[in-house]
Structure formats: structure tokens, C-alpha cells
Amino acid sequence: MLPAEWRLRRRILDVAQEAFEAYAYAPITTPTFEDTEVFVRGVGTSTDIVRKEMYTFADGERSITLRPEGTAPVARAFVQHGMHKLPLPVKLWYLAPMFRHEAPQAGRYREHYQLGAEAIGSHDPLLDAEVIALLADLYRRLEVPGVRLRVGSMGDAESREPYRVRLLEYLEPRAQDLGPDAGARMAENPMRLFDSKEPRVAEIMRGAPKLLDALSPDAEAHYRRALAGLDALGVAYEEDPLLVRGLDYYTHTVFEFTCDRLGAQSGIGGGGRYDGLVEALGGPPTPGVGFGTGVERITLALGEESESAPALDCYLAVLDEALRVELLPLLARLRAVGLRCESDLRGRSLKAMMRHAAALGARRVVIVGPRDHAAGAATVRDMASGDERTVPLDRLEDELT
Ligand code: HAM
């Protein structure tokens, strides 16, 4: 990432941090790699991430994996640090690079950054609504255009087991048409087929029974209350019975934000509830809900690849080699009062320094020669008007701020 993109990213981060703080989230950083088991147990063996996208290495006897996603590591940290004893829900946010061995294209990279939020320790469906509203609020604060939200439910275990049987009853007579890859996935987790990009499989799945129509009374009540929360908060959404996320830990509410501006990789952020994850990682049964949003995709959606550098307040042009050392404290003084300053560090002539100052967009150039210095003064040139004034060296700060 080059400086111009960094500046845009910093703006995204500043806005995100403000939003996270408004919703009472605290920051967390987890290590770049984890024991591979954290992802195998957390994300699930039927997912593309675990089946083919992880960067996994042997570290002596241990198998480690570069973090492909942020939720399982945060849940692991929650367990390891006994956070269930803190006031619940524990609300954590992160910015971290994620690594997935995918085919790179615009908006899809093997290393991408995610801003994420995880709220762990409450079953309340209004927390689902709040988490979704936070992400909607973040896009609103950033003025991301053309954002849409789809919401669905993965139900609870009581909804999913009978549904799985019904889905398999529908799929088995069609197994021939699904092809070998889909056939293998059907055996492991038939719901993954809703995720398929193959037109033939997608066509078959459109006719399949939907989990949203087969929710248990509890799961249905949870889903309806989360939607009521979104309605109350004025967050616009579409219900999507085909919404299946690419990770196995989801239960109940799932959601995805897309952006019209993004083309093929239209997913800008998504998440959902994961009530079994903390327990799967060795903790006490503890529900959770959260989201992740790709920083590069936000950048693409904003349509500005870069933000120009802020102008320099002043450029110090020293006309004598010996004086350069003597005037180092002056430069430090100007910087200490918050001025953005640069000076020549290549031994340029005055003419070359003026060109350098102009190229850096300096508003003013402070010129000091041996005679000015002896008189305790400098010439301050305004680069826009060309006006020049003599200013005492000890009053430069007042003059320039
Ligand atoms: P995810 O949908 O896999 O969810 O990723 C979240 C977001 O990361 C996507 O919506 C997208 O913006 C971005 N993203 C994913 N893969 C790439 C890539 N290869 N290149 C660029 N951007 C990408 C998760 O990872 C879950 N951990 C989210 C979550 C948090 N669920 C609950 N809590």
C-alpha cells in the first residue's frame, strides 16, 4: 500500500474507530497466526477457507495457519483470557490482515484487511440488530454509495437437523445433475450448495426447500425480533432465504452487505451469530455475534484510490552549508509547534530548493542566508502570492502558525 492509499485508509480507520467507540467496543489484536486447529474447529471443515484457502505451515511439531478470518481468533482469546467473567456482552473490534489462498482479482486478494466487531456473551436478538446497525452506520459515516443489506437465518440445531434431512431428500434424486464436487459437499454439509457459483447447482438450489421456512418456533422468534430491531432502528434490509455465509459457525441471524459499485466481488461486509463457537474452542457455552468488512473493498466502493498529501506549512531553505547544522534546532522548534516542515537534505542550490518546495506543495519558504542569520532574521516567501517579508528568527513560530 502506497502513501496515497494509506491516507485514505487512515480516514476510514478514524471514522471506524469513532463508530466502534460510539457503540462501546474496545480494540483487540490477535497474533497473525494461530494453531491450525482454531480454524479447523472454529471455521469448519466443509468451508472453502479450511478446505483450500489456508496458508498452513509446520512450526516444529505444531501446525500453524496465517489468520484467514478474525472471529475464531477473537473467540480463542475470549476463552484463553477468561473473558466470560467480564460484564457481558464483551464487545471487541479489530483491524487485521487476513490471508486466503484465493484466485486474486479486483477486490479479492490473498492478503486483505478486515475491520471487524465481535459481541460475545448475549443471546439477545436486539444485539444482532445493533451489530448490523453498527455496520450500516459505518458505511453511512463513510458515505459508501449503493449499499444494500440482505438478512437471513441459519436457525438453531433444532431447526437445522430436520431441515438437513428434508434438503437431502430433495437433493439425492438430483445428485447426478449436481456433479462430483457438489456431490462431495452434499455429503459433508448440503447447505454449502446454496453458496455454489455453478449455474447448474444454483438452479437446483433455487427449487430446494428453504431453512427460513423450516425454523423452529424459538429460531423464528429470534429472527423476527432481530428484524423488529432493524425496523425500529430504521435500517433497510431485504430478507434472503438463500443467504448462506462461507463459514460453518453461523447460527440464527446471518447478513451480508453488498455494494453496487463493486462488480463481481460485490460483498462489502457480512457476519452473523455464532452461538456454538466459543464452546467449540473449549470455552463455556457462550453466544456471540459480529461482522467483518474488507477495507480494500470499502476503498474500491468509495471510488477514490487515494487522497492527496496535505500541504507543507513551511520549507526551510538554508543558503549555507555550515548554517544547516546550526538551524537544525529551528526546524525542530517549528515542528514542535505542529507545523508540517521540510528542508533540503540533498545539498541543493536555492533555485533547486524553490523547485523542491513547490513540488512538495509548501505554502511558505523560509530562506536563511549567513547575513540574515547574523541579523537574527529570515525571509518568508508566500508561495501563492510571491510576497516576501523579513521576520525575526525568534518570532517565526508566531508568523507561521
Ligand atoms: P467474510 O464474509 O469471509 O466473513 O469476510 C468479511 C469481508 O471481508 C467480506 O465481506 C469482504 O469485504 C472481505 N473479504 C473477504 N475475503 C476477501 C479477499 N480475499 N480480498 C478482499 N476482501 C475480502 C468473515 O471473515 C467473518 N469472520 C465475519 C464475521 C465476524 N462473522 C462474525 N463475526
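The values are calculated or read from the model by the stated rules, or taken from the named source; none is laboratory data. For clarity, every value in this text was computed on a predicted model and none was experimentally measured. All Cβ positions, glycine included, derive from the backbone under ideal geometry; neighbour counts span all protein chains shown.
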| task | Quick one: which strands (runs of 3 or more DSSP E) lie wholly within segment 89-191 and hold at least 3 residues that are among the small types (G, A, S) and under 30 Å from the mean Cα position of the chain (by Cα)? | result | 111-120
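Would you please name the residue that is modelled with the lowest pLDDT, looking only at residues in segment 192-211 that are among the basic types (K, R) and not in a helix (DSSP H, G or I)?
Initial filter on segment 192-211 (among the basic types (K, R)): 192, 197, 200, 206, 210.
Among the residues that remain, those that are also not in a helix (DSSP H, G or I) are: 197, 210.
Details: K197: 82, K210: 95.
Only one residue tops the list, namely K197.
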| query | Does G338 qualify as being in contact with a Gly (Cβ under 8 Å, 6 or more places away or on another chain) and either at positive phi or among the small types (G, A, S) (or both)? | reply | no
| message | If I ask for residues that are surrounded by fewer than 19 Cβ atoms within 10 Å (Cβ to Cβ), in contact (Cβ under 8 Å) with a residue 40 or more places away in the chain and farther than 12 Å from L167 by Cα, which ones from segment 206-219 would you list? | response | S216, D218
| Of the residues that make up segment 335-347, is at least one modelled with pLDDT of 95 or more and part of a helix (DSSP H, G or I)? | yes
| Residues within segment 346-390 that are within 43 Å of the chain's Cα centre (by Cα), under 16 Å from L312 (Cα atoms) and among the hydrophobic types (A, V, I, L, M, F, W, C), tallied | 11
| message | So if I check each of A119, A129, A133, which one is away from the ligand (no atom under 12 Å from the Cβ), closer than 24 Å to F78 by Cα, in contact with a Phe, Trp or Tyr (Cβ under 9 Å, 6 or more places away or on another chain) and among the hydrophobic types (A, V, I, L, M, F, W, C)? | response | A133
| said: Looking at E239, E203, E198 in this structure, which one is in contact (Cβ under 8 Å) with a residue 12 or more places away in the chain, out of contact with any Asp or Glu (no Cβ under 6 Å at 6 or more places or on another chain) and exposed (fewer than 13 other Cβ atoms within 10 Å of the Cβ)? | reply: E239
| Residue that is modelled with pLDDT under 95, within 21 Å of L92 (Cα to Cα) and either assigned by TED's automatic domain parsing to the domain that holds L13 or among the aliphatic types (A, V, I, L, M) (or both), where the choices are L277, L262, L247 | L247
